[in-house]
Amino acid sequence: MNVIDEQDELFRMILAIQNSNEEIFSSFYDRVVSRVYALANRILVNRADAEEVVCDVFTQIWQQAKSYQPEKGNVIAWCMVITRSRALDNLRKKKKHSDRIQDAADFYQEVADEQCEPDKVIQMFQENSGIRIVLESLSGVQRQFVALSFFRGLTHQEISDATSIPLGTVKSNIRRALERLQSHSLLLEKI
C-alpha cells in the first residue's frame, strides 16, 4: 500500500473511531502501534515508559478522535504529535532540568561528528517517510537543533545552554529549519 492510500485508509478509520467503532479502533491500533511505540521509545529510551505512553496515546486517540482536523496534517502526523507530547510529559516528570541539559549536551556532542550526524538524526525518523528528504535539505546545525527540540523536548534556552551557542542563533536556526520543513511538507503533500 502506498503512502497516499494508507493516509486515506487511516482517515476513514478515524472517521469510524469518531463514531465509537471499537472494531475499527482495534484495526487502527494494529496499523499504527509500532510507529507510536518506536517514537515513544526513541524519546524515552525505556521500554516500560514507552509502553505506558502507548497506552496513554491510544486512550487519547479514542477520546479525542473528534478533535482530529485533516487540514492540519495527516492521521499519522496527528498520532505522532500526541505521542511526542505524551512522551515528553513523561520524560519531564522523571528528569530534572539539569539532567535534561546534560543529556542534550551529550546528544549534541554525539551528533556533532560530521561523518555520522545526518544519518543518526535521520534514522530517528521513519525510513520510509517523506521527512527524510526534508531533513536532508537542512544544514547539520539545523538538524541537530530540530532533534534536540523534537526528541529531547528542549526549549530554545535549554538548547542554547546545552550547546553553548547564543540563544539568538539557536532561535534563528530553528525558525529557518521549521520554515524549510513547512515548505517541503507542502510540496510533499502535492506529490
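The values are calculated or read from the model by the stated rules, or taken from the named source; none is laboratory data. Treat the numbers as computed from the prediction; the structure is a model and nothing was measured. All Cβ positions, even for glycine, are placed from backbone atoms using ideal geometry, and neighbour counts span all protein chains on display.
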Residue list for the range 54-85, restricted to those being assigned to a loop (DSSP other than H, G, I, E, B) and over 17 Å from residue 31 (Cα atoms): 68, 69, 73
Residues within the range 172-191 that are under 15 Å from residue 138 (Cα atoms) and either modelled with pLDDT of 85 or more or surrounded by fewer than 13 Cβ atoms within 10 Å (Cβ to Cβ) (or both), tallied: 8
Residue in the range 115-129 that is among the aromatic types (Phe, Trp, Tyr), over 17 Å from residue 165 (Cβ atoms), at pLDDT below 75 and surrounded by 14 or more Cβ atoms within 10 Å (Cβ to Cβ) present: yes
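May I ask you to list the residues in the range 54-77 that are over 19 Å from residue 9 (Cα atoms) and loosely packed, with under 14 Cβ neighbours inside 10 Å?
The initial filter retains those residues of the range 54-77 that are over 19 Å from residue 9 (Cα atoms), namely 54-57, 59-60, 63.
Once the filter is applied, which keeps residues that are over 19 Å from residue 9 (Cα atoms) and loosely packed, with under 14 Cβ neighbours inside 10 Å, the range 54-77 yields 55, 59, 63.
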Subset of the range 7-39 [surrounded by fewer than 16 Cβ atoms within 10 Å (Cβ to Cβ), within 20 Å of residue 67 (Cβ to Cβ) and among the polar types (S, T, N, Q)]: 18, 19, 20, 21
